[in-house]
Amino acid sequence: MPNSNFKGGLKIENPYPSNEIDLIRIPLPDKVVLPMQQRIGNQAIPCVSIGEHVLTGQIIATIDDDRCAPVHASISGTVTAIGNHVYAHQSGLKGLCVTIESDGKDEWVDTSIGCTENYKACLPLTIYDKIRISGIVGMGGAGFPTHTKMRLAAGCKNIIINATECEPGITCDAALMEAYPTKVIRGVEVLLHITGAEKAIIAIEDDKQKSIDELNKYCNNERIEIKVIPTKYTSGAEKILIKTLLGIEVPSGKFASDVGILCLNVATVVAMFDAVVENRPLISRAVTLAGSAIKEPKNLQVRLGATYDYLLSFVDLEEGSHKVTMAGLMMGINLKGTDYSVSKNTNCIFIDKAQESVVAQECIRCGLCNTVCPVELLPQQLYWFSKSENIEKAMDYNLLDCIECGCCSYVCPSNIPLVNYYQFSKALYKKQTQEKAQIEKARERFEFREMRLERNKRERAELMEAKKIALKEKMAKDKAQKEKIDAALERVNAAKIDNKEEDAS
């Protein structure tokens, strides 16, 4: 049976509370730097050139694969650069980006062709394609192409709309729901239409009362249920949310679609509504700006590709050295500086006052990490195995089920960065798996080569033997023929002699 609570997790108060959760629409940036890698899958390929004038909503990059989610110009203007720029990623590596200088006009490309209000008359495949060409991906952080996720969940019975903030301190989804409650409800109705699901559940935490009231105010569909759950960290994790709401456990290594469930973030649903009903591709999103160095947290509606520095110009930032984090305090990525731009999965930017680094101590075996693990693993054992690089044993303890939420690291009195060890072990396991696959492939190639050489050797031996037999048979035949000819000659000669003797007599 469904349970409104779950084992483990943490009750963490919002470290950066705000009196009002408003969604502020800021002016257009002077330029945007649009990463070509804004989704899971291969990097998009630019289809524009330097010096070309582009319109808002125009496709500037795409790729021919099943997970294609095109990148659109988020402002109108001129393409001034196509080259590598640092990505907001923990690797710190650079990736291909397209830079557009604004013309200040925000002229849109023609987007009138599509489903619009008459989406119910459209086939599901038509709507899937509309979502695909609109460039929509999971906006909760994962970046999985939405049209692919929906196709995998075709025929699902239940839809879950994740309206929980993924981490403490993030309020962009709450601000979005308060600003556009009708888009949320109508977006869910679009989902119900194209999937044929029996019902949809909007899961929202109990500390978002204004968002709850707004959604209830505009929800008149009996197939849509607004479910309030306790505010508890990792309640928004997909598998945990499914178990909490429906009592269904997604097996290890499987996905929600494997058990007939489609789970989407609330921001993704709003983007999908904009694409299907209003014919507007994904060119903006809500971003939370918060942190100990920001005097008043804000939620901004920003165009994709806007630089972090541009966003930070709209908040009161304290002077001094700062720690920059993207995607959350628990599972986020620590960045070096602010030379980055907003992508489709940038839900928050935290700017904190720089603090002295904490030195990790030895594990005291207190067991707190085991208590808070929301997926009921044994983090302490995983730590020992990961530290000693005993990956095989770590896998026996279900390392791959770890969602890297950081609860264990948060409560560790020894300040051990446990999640870092798990990430290292996963990377090592992936490397070892790839190496084993390469070794197995090389072994198969070697065995095939040996088999081929042995077969060729056997065939050559059989051919030589056949030639020998044929030669012997030919020699025997030639010998018999020669003997036959010799015998005939002897008979002829004998006859000649007999004739001569008769003539002489």
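The values are calculated or read from the model by the stated rules, or taken from the named source; none is laboratory data. Keep in mind that this is a model prediction, so the values were computed, not measured. For neighbour counting, all protein chains shown are included, and Cβ atoms are generated from backbone atoms with ideal geometry for every residue, glycine included. What goes into the accessible areas is simple: the full protein's heavy atoms, side chains included, and nothing from ligands, DNA or RNA. Shrake-Rupley method; radii C 1.70, N 1.55, O 1.52, S 1.80 Å.
Suppose the filter is hydrophobic (A, V, I, L, M, F, W, C), part of a helix (DSSP H, G or I) and more than 32 Å from the chain's Cα centre (by Cα); does Phe424 pass it?
Details: hydrophobic (A, V, I, L, M, F, W, C): yes; part of a helix (DSSP H, G or I): yes; more than 32 Å from the chain's Cα centre (by Cα): no.
It is false that Phe424 is hydrophobic (A, V, I, L, M, F, W, C), part of a helix (DSSP H, G or I) and more than 32 Å from the chain's Cα centre (by Cα).
Given (1) open to solvent by 20 Å² or more (accessible area, probe 1.4 Å); (2) closer than 26 Å to Arg132 by Cβ, where does Arg285 come up short, assuming only one miss?
Exception for Arg285: condition (1).
Taking the range 69-126 as the region of interest, how many residues are within 30 Å of Gly328 (Cα to Cα) and aromatic (Phe, Trp, Tyr)?
1
Checking Gly260 against (1) more than 30 Å from Ile60 (Cβ to Cβ); (2) surrounded by fewer than 22 Cβ atoms within 10 Å (Cβ to Cβ); (3) at pLDDT 95 or above: exactly one of these is not met. Which one?
Status for Gly260: all satisfied but (3).
Which count do you get for residues in the range 53-77 that are open to solvent by 60 Å² or more (accessible area, probe 1.4 Å) and without any contact (Cβ under 8 Å) to a residue 60 or more places away in the chain?
Taking the range 53-77 and keeping what is open to solvent by 60 Å² or more (accessible area, probe 1.4 Å), we get 53, 59, 64, 66-67.
Okay, now just the ones that are also without any contact (Cβ under 8 Å) to a residue 60 or more places away in the chain, so 53, 64.
Residues in the range 53-77 being open to solvent by 60 Å² or more (accessible area, probe 1.4 Å) and without any contact (Cβ under 8 Å) to a residue 60 or more places away in the chain: 2 in total.
Can you give me the number of residues within the range 102-121 that are open to solvent by less than 80 Å² (accessible area, probe 1.4 Å) and farther than 19 Å from Ile136 by Cα?
The total comes to 5.
Show me the helices (runs of 4 or more DSSP H) entirely contained within the range 122-220 in which 2 or more residues are modelled with pLDDT of 95 or more. So that I can check it myself, show each step before the final result.
Numbers: elements: 124-133, 146-152, 172-179, 181-195, 209-218.
Of the helices (runs of 4 or more DSSP H) lying wholly inside the range 122-220, those with at least 2 residues that are modelled with pLDDT of 95 or more span 172-179, 181-195, 209-218.
Within the range 265-289, how many residues are in a strand (DSSP E or B) and either out of contact with any strand residue (DSSP E or B) (no Cβ under 6 Å at 6 or more places or on another chain) or of a type in the set (Val, Ile, Thr) (or both)? Walk me through it before giving the result.
Within the range 265-289, the subset in a strand (DSSP E or B) is 265, 284-289.
Now restrict to residues that are either out of contact with any strand residue (DSSP E or B) (no Cβ under 6 Å at 6 or more places or on another chain) or of a type in the set (Val, Ile, Thr) (or both): 285, 287-288.
Within the range 265-289, residues that are in a strand (DSSP E or B) and either out of contact with any strand residue (DSSP E or B) (no Cβ under 6 Å at 6 or more places or on another chain) or of a type in the set (Val, Ile, Thr) (or both) number 3.
Please identify the pairs in which a residue from the range 21-33 that is farther than 9 Å from Ala306 by Cα has its Cβ atom under 6 Å from the Cβ atom of a residue that is of a type in the set (Ser, Thr, Tyr) and buried (at least 19 other Cβ atoms within 10 Å of the Cβ), counting only partners at least 6 apart or on another chain.
From residues that are farther than 9 Å from Ala306 by Cα, the pairs are Ile21/Thr171.
Is it true that Gly332 is buried (at least 20 other Cβ atoms within 10 Å of the Cβ), closer than 16 Å to Gly169 by Cβ and touching a residue at least 12 places away in the same chain (Cβ under 8 Å)?
Spelling it out, Gly332 is indeed buried (at least 20 other Cβ atoms within 10 Å of the Cβ), closer than 16 Å to Gly169 by Cβ and touching a residue at least 12 places away in the same chain (Cβ under 8 Å).
Show the residue pairs meeting these rules: Cβ distance below 7 Å; 6+ apart or different chains; first residue within the range 129-148 and of a type in the set (A, V, I, L, M); second residue in a strand (DSSP E or B).
Partner pairs satisfying both residue conditions: Val137/Pro145; Met139/Asn265; Met139/Arg285.
Please list, ordered by residue number, the helices (runs of 4 or more DSSP H) wholly in the range 344-408 having 3 or more residues that are under 28 Å from Met326 (Cβ atoms).
On the way: elements: 368-372, 379-387, 391-396.
Fully inside the range 344-408 and qualifying: 368-372, 379-387.
Based on this model, can you work out whether Ile26 counts as open to solvent by less than 50 Å² (accessible area, probe 1.4 Å) and touching a Lys or Arg at 6+ places or on another chain (Cβ under 7 Å)?
Values: open to solvent by less than 50 Å² (accessible area, probe 1.4 Å): yes; touching a Lys or Arg at 6+ places or on another chain (Cβ under 7 Å): no.
For Ile26, the condition - open to solvent by less than 50 Å² (accessible area, probe 1.4 Å) and touching a Lys or Arg at 6+ places or on another chain (Cβ under 7 Å) - is not met.
For the range 403-422, state whether one or more residues are among the aromatic types (Phe, Trp, Tyr), buried (at least 16 other Cβ atoms within 10 Å of the Cβ) and touching a Phe, Trp or Tyr at 6+ places or on another chain (Cβ under 6 Å).
Within the range 403-422, the first condition is being among the aromatic types (Phe, Trp, Tyr), and the residues that meet it are 410, 421-422.
Those left that are additionally buried (at least 16 other Cβ atoms within 10 Å of the Cβ): 410, 421-422.
Applying the additional criterion that residues be touching a Phe, Trp or Tyr at 6+ places or on another chain (Cβ under 6 Å) yields 421.
Yes.
Which of the residues belonging to the range 240-257 are of a type outside the set (Gly, Ala, Ser), open to solvent by 60 Å² or more (accessible area, probe 1.4 Å) and either part of a loop (DSSP other than H, G, I, E, B) or in contact with a helix residue (DSSP H, G or I) (Cβ under 9 Å, 6 or more places away or on another chain) (or both)? Reasoning before the result, please.
Quick first cut of the range 240-257, residues of a type outside the set (Gly, Ala, Ser) only: 240-246, 248-251, 254-255.
Remaining after also requiring open to solvent by 60 Å² or more (accessible area, probe 1.4 Å): 243, 249, 251, 254-255.
Glu249, Pro251, Lys254, Phe255, listed by residue number.
Select from the range 356-394 the residues that are of a type in the set (Ser, Thr, Tyr) and free of Cβ contacts under 8 Å to residues at least 24 places away in the same chain and write down the one among them that is nearest to Glu249 (Cα to Cα). Give the steps one after another, and end with the answer.
We begin by selecting, within the range 356-394, every residue of a type in the set (Ser, Thr, Tyr); these are 357, 371, 383, 386, 388.
From what is left, the residues that are free of Cβ contacts under 8 Å to residues at least 24 places away in the same chain are 357, 388.
Numbers: Ser357: 39, Ser388: 32 Å.
Restricting to residues being of a type in the set (Ser, Thr, Tyr) and free of Cβ contacts under 8 Å to residues at least 24 places away in the same chain, the top hit is Ser388.
Go through the range 122-138 and report how many residues are among the hydrophobic types (A, V, I, L, M, F, W, C) and closer than 15 Å to Leu262 by Cα. Break it down into steps so the answer makes sense when it comes.
Of all residues in the range 122-138, those among the hydrophobic types (A, V, I, L, M, F, W, C) come to 122-123, 125, 127, 131, 133, 136-137.
Applying the additional criterion that residues be closer than 15 Å to Leu262 by Cα yields 137.
Going through the range 122-138 one residue at a time, the tally reaches 1.
Can you say whether Gly320 is open to solvent by less than 70 Å² (accessible area, probe 1.4 Å), more than 11 Å from Cys348 (Cα to Cα) and not in a strand (DSSP E or B), as far as the supplied structure shows? So that I can check it myself, show each step before the final result.
Numbers: open to solvent by less than 70 Å² (accessible area, probe 1.4 Å): yes; more than 11 Å from Cys348 (Cα to Cα): yes; not in a strand (DSSP E or B): yes.
Answer is yes for this residue.
Residue check, Ile469 against (1) in a helix (DSSP H, G or I); (2) under 46 Å from the mean Cα position of the chain (by Cα); (3) of a type in the set (Val, Ile, Thr), all met but one. Which one?
Ile469 satisfies all of (1) in a helix (DSSP H, G or I); (2) under 46 Å from the mean Cα position of the chain (by Cα); (3) of a type in the set (Val, Ile, Thr) except (2).
Being without any contact (Cβ under 8 Å) to a residue 24 or more places away in the chain, over 20 Å from the mean Cα position of the chain (by Cα) and under 24 Å from Glu376 (Cα atoms) is the filter here; which residues of the range 245-302 pass it?
Step one: list which residues in the range 245-302 are without any contact (Cβ under 8 Å) to a residue 24 or more places away in the chain, which gives 248-251, 254, 258-259, 295.
Now restrict to residues that are over 20 Å from the mean Cα position of the chain (by Cα): 248-249, 295.
Listed by number, the residues that qualify are Ile248, Glu249.
When the range 176-186 is examined, which residues are found to be surrounded by fewer than 24 Cβ atoms within 10 Å (Cβ to Cβ) and touching a residue at least 40 places away in the same chain (Cβ under 8 Å)? Reasoning before the result, please.
Quick first cut of the range 176-186, residues surrounded by fewer than 24 Cβ atoms within 10 Å (Cβ to Cβ) only: 178-183, 186.
Glu178, Ala179, Tyr180, Lys183, Arg186 - these are the residues of the range 176-186 that are surrounded by fewer than 24 Cβ atoms within 10 Å (Cβ to Cβ) and touching a residue at least 40 places away in the same chain (Cβ under 8 Å).
On the given criteria, is Ile485 among the hydrophobic types (A, V, I, L, M, F, W, C), out of contact with any Ser or Thr (no Cβ under 9 Å at 6 or more places or on another chain), at pLDDT 90 or above and surrounded by 10 or more Cβ atoms within 10 Å (Cβ to Cβ)?
Working: among the hydrophobic types (A, V, I, L, M, F, W, C): yes; out of contact with any Ser or Thr (no Cβ under 9 Å at 6 or more places or on another chain): yes; at pLDDT 90 or above: no; surrounded by 10 or more Cβ atoms within 10 Å (Cβ to Cβ): yes.
In short, no.
How do the pairs read when you match residues in the range 2-15 that are modelled with pLDDT under 75 and assigned to a loop (DSSP other than H, G, I, E, B) with residues anywhere that are surrounded by fewer than 16 Cβ atoms within 10 Å (Cβ to Cβ) and not small (Gly, Ala, Ser), using Cβ under 7 Å and keeping only pairs 6 or more apart or on different chains?
Ser4/Pro230; Asn5/Pro230
State which residue is least open to solvent (accessible area, probe 1.4 Å) when the search covers only the range 221-239 and only residues that are assigned to a loop (DSSP other than H, G, I, E, B) and closer than 24 Å to Glu189 by Cβ.
Of the range 221-239, the ones assigned to a loop (DSSP other than H, G, I, E, B) are 221-223, 230-232, 234-237.
Still in the list and also closer than 24 Å to Glu189 by Cβ: 221-223, 236.
Details: Asn221: 42, Glu222: 187, Arg223: 95, Gly236: 20 Å².
Looking at residues that are assigned to a loop (DSSP other than H, G, I, E, B) and closer than 24 Å to Glu189 by Cβ, I get Gly236.
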